[in-house]
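Participant: This is the structure, below, for whatever I ask next.
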Amino acid sequence: MNVGIVGSKSRKDHEIVETLISGLPEGTVVVSRGGQKLDKVAIQLAKEKGFGTMEMYPYVPPSDTPEWTLKRLNDSHIKRFVENTDVIYAFVDENREDDMDDLIRIAERMRIPVEIVEPK
């Protein structure tokens, strides 16, 4: 089973990620979008527990790339992440200021279950 773990940039509650990963069954692959916060923690913890990992790093376009192309590239990155998961744990922030809503919408359209983990 491929478990996607993705966190909003403002989330810092690593202990919840550790609890989640500790409860995953043997043979699980933890999938990350390549983020620098909770995503990175999830991959590190998964490796420590002996799970397989898959990191989906985004393409970084040139600085003069048009806004519509950036949106399309981001959606493509999200879709590639979702396609490689069986379930996603989305650690959202209170304001949902990043692209988490886009990810949840794309996952729902692709019929991939999303467990939303709200901040405490």
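Any read-out appearing in this document is the output of simple, stated calculations on the displayed coordinates, not a laboratory observation. As the structure is a prediction and not an experimental result, all values here were calculated from the model. Cβ sites come from the backbone with ideal geometry, for glycine too, and all protein chains shown count toward neighbours.
Participant: Can you put 64, 75 in order of Cβ neighbours within 10 angstrom, beginning with the fewest?
Facilitator: Values: 64 5, 75 15.
Sorted ascending by nearby Cβ count, the order is 64, 75.
Participant: Using a 10 Å cut-off around each Cβ, can you sort 14, 77 from fewest to most neighbouring Cβ atoms? The partial results should precede the final answer.
Facilitator: Working: 14 15, 77 18.
Fewest-to-most ranking of 14, 77: 14, 77.
Participant: Order by neighbour count: 76, 22, 10, fewest other Cβ atoms within 10 Å first, most last. Display every interim value, and only then the final one.
Facilitator: Details: 76 12, 22 9, 10 15.
The order, fewest Cβ neighbours first, is 22, 76, 10.
Participant: Counting each DSSP H run of 4 or more residues in the chain as -39500 (n - 2.57), what helix-only mean residue ellipticity at 222 nm follows after dividing by all residues, to the nearest 500 deg cm²/dmol?
Facilitator: Details: 4 runs with 47 residues, N = 120.
Mean residue ellipticity, 222 nm, calculated: -12000 deg cm²/dmol.
Participant: Which of the GluC sites (Glu not before Pro) across the stretch 45-109 are loop residues per DSSP, with 15 or fewer other Cβ within 10 Å? Could you put the intermediate results ahead of the total?
Facilitator: Values: sites: 48, 55, 67, 83, 94, 97, 108; in loops: 94, 97.
Answer by residue number: 94, 97.
Participant: Something else about it: Using Cα-Cα distances under 8 Å and only pairs 6 or more residues apart, what relative contact order does the chain have, in percent?
Facilitator: Once normalised by length, the contact order is 30 percent.
Participant: For a 24 Å ceiling on Cα separation, which of these pairs sit above it: 49/71; 12/71; 79/120; 49/79; 12/49; 9/120?
Facilitator: Numbers: 49/71 35 Å; 12/71 26 Å; 79/120 28 Å; 49/79 27 Å; 12/49 20 Å; 9/120 15 Å.
Listed pairs above 24 Å: 49/71; 12/71; 79/120; 49/79.
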